[in-house]
Amino acid sequence: SQELEQSPQSLIVQEGKNLTINCTSSKTLYGLYWYKQKYGEGLIFLMMLQKGGEEKSHEKITAKLDEKKQQSSLHITASQPSHAGIYLCGADGTDKLIFGTGTRLQVFP
Amino acid sequence: KAGVTQTPRYLIKTRGQQVTLSCSPISGHRSVSWYQQTPGQGLQFLFEYFSETQRNKGNFPGRFSGRQFSNSRSEMNVSTLELGDSALYLCASSLVFSGQGTMNTEAFFGQGTRLTVV
């Protein structure tokens, strides 16, 4: 079955710094979702990437899909405390949505 | 447009009891999926309902069950609670049922129900 692995598992950055989170699939990646979760709350849909090479941006968050590498990256520019939370990647598996292991981001002033 | 609503937000139960969680999907969405999230296991798929039919089930014991009503609202039941059932239970709604491999699921999640078993 397909698995999604995220790296790093945890990230602590100073406010204003840029950062990147990666999501690697064990099988061919036809597309990917990115979600953000505040501690103990539900997942907030960030964006969906459907084509290899596709890149989308929302405010200071940019995500790219590299089909050949079976990987997606999420890049945050000039991080802010509001970016703190858990970032999860997801994909349509053969019979259900599957999710990555999550990356916990902390941003300190 | 109202989002996905889960009730209650918090629950404390004792071992051996049973619990029912509720999820109201976004209006027009017919698919509801349930997930269990724990620090050690991450998001684990429980089951998915579409048009009142269970489409798929994860690897959980039979103590975990669910159903969906004609208005797409869904309930999840856990019987004979164990300490290990303590978790955040999340439901997600979407227009179509997931796992089609076509990247059109676009699931929206509720705030979750935090269940603590003591």
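The values are calculated or read from the model by the stated rules, or taken from the named source; none is laboratory data. Values in this document were obtained by computation on a predicted structure and should not be read as measured data. So basically every Cβ, Gly included, is an ideal-geometry build from the backbone, and we count neighbours across all protein chains shown.
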Legend entry - Which numbered condition A:SER79 fails, given (1) at pLDDT 95 or above; (2) within 14 Å of chain B (Cβ to nearest Cβ); (3) assigned to a loop (DSSP other than H, G, I, E, B): (2)
Legend entry - Meets criteria (crowded, with 21+ Cβ neighbours inside 10 Å and either of a type in the set (Gly, Ala, Ser) or farther than 21 Å from A:TYR87 by Cα (or both)) for B:GLY110: yes
Inset, instruction - Those residues that are assigned to a strand (DSSP E or B), farther than 13 Å from B:SER74 by Cα and over 12 Å from the mean Cα position of the chain (by Cα), I need them from region B:45-60; list them, please. - result: B:ARG55, B:ASN56
Legend entry - Tally, over region A:1-52, of residues that are of a type in the set (Ser, Thr, Tyr) and modelled with pLDDT of 90 or more: 8
Inset, instruction - Assess whether B:GLY84 counts as being outside any loop (DSSP other than H, G, I, E, B), modelled with pLDDT of 95 or more and more than 14 Å from chain A (Cβ to nearest Cβ). - result: yes
Legend entry - In region B:87-118, the residues that are part of a loop (DSSP other than H, G, I, E, B) and at pLDDT 90 or above: B:GLY110, B:GLN111, B:GLY112, B:VAL118
Inset, instruction - Kindly indicate the residue of region A:53-63 that is of a type outside the set (Asp, Glu) and in a strand (DSSP E or B) and also surrounded by the most Cβ atoms within 10 Å (Cβ to Cβ) among those meeting that condition. - result: A:ALA63
Inset, instruction - Within region A:63-81, work out how many residues are over 13 Å from the mean Cα position of the chain (by Cα) and closer than 24 Å to B:PRO39 by Cβ. - result: 2
Legend entry - Condition check for A:ALA91: surrounded by fewer than 18 Cβ atoms within 10 Å (Cβ to Cβ), in contact (Cβ under 8 Å) with a residue 60 or more places away in the chain and out of contact with any His (no Cβ under 6 Å at 6 or more places or on another chain): no
Inset, instruction - For region A:64-71, indicate whether the set of residues that are surrounded by fewer than 21 Cβ atoms within 10 Å (Cβ to Cβ), more than 14 Å from every other protein chain (Cβ to nearest Cβ), on the phi > 0 side of the Ramachandran plot and not basic (Lys, Arg) is non-empty. - result: yes
Inset, instruction - Of all residues in region B:12-25, count the ones that are surrounded by fewer than 17 Cβ atoms within 10 Å (Cβ to Cβ) and either closer than 28 Å to A:GLY100 by Cβ or among the aromatic types (Phe, Trp, Tyr) (or both). - result: 1
Inset, instruction - Could you look through region A:82-109, keep only residues that are over 11 Å from the mean Cα position of the chain (by Cα) and among the β-branched types (Val, Ile, Thr), and pick out the one that is farthest from the other protein chains (Cβ to nearest Cβ)? - result: A:VAL107
Inset, instruction - Answer with yes or no whether B:SER72 is in a loop (DSSP other than H, G, I, E, B), surrounded by 15 or more Cβ atoms within 10 Å (Cβ to Cβ), among the polar types (S, T, N, Q) and touching a strand residue (DSSP E or B) at 6+ places or on another chain (Cβ under 7 Å). - result: yes
Legend entry - Residue within region A:12-29 that is within 30 Å of B:ARG9 (Cβ to Cβ), within 14 Å of chain B (Cβ to nearest Cβ) and not aliphatic (A, V, I, L, M) present: yes
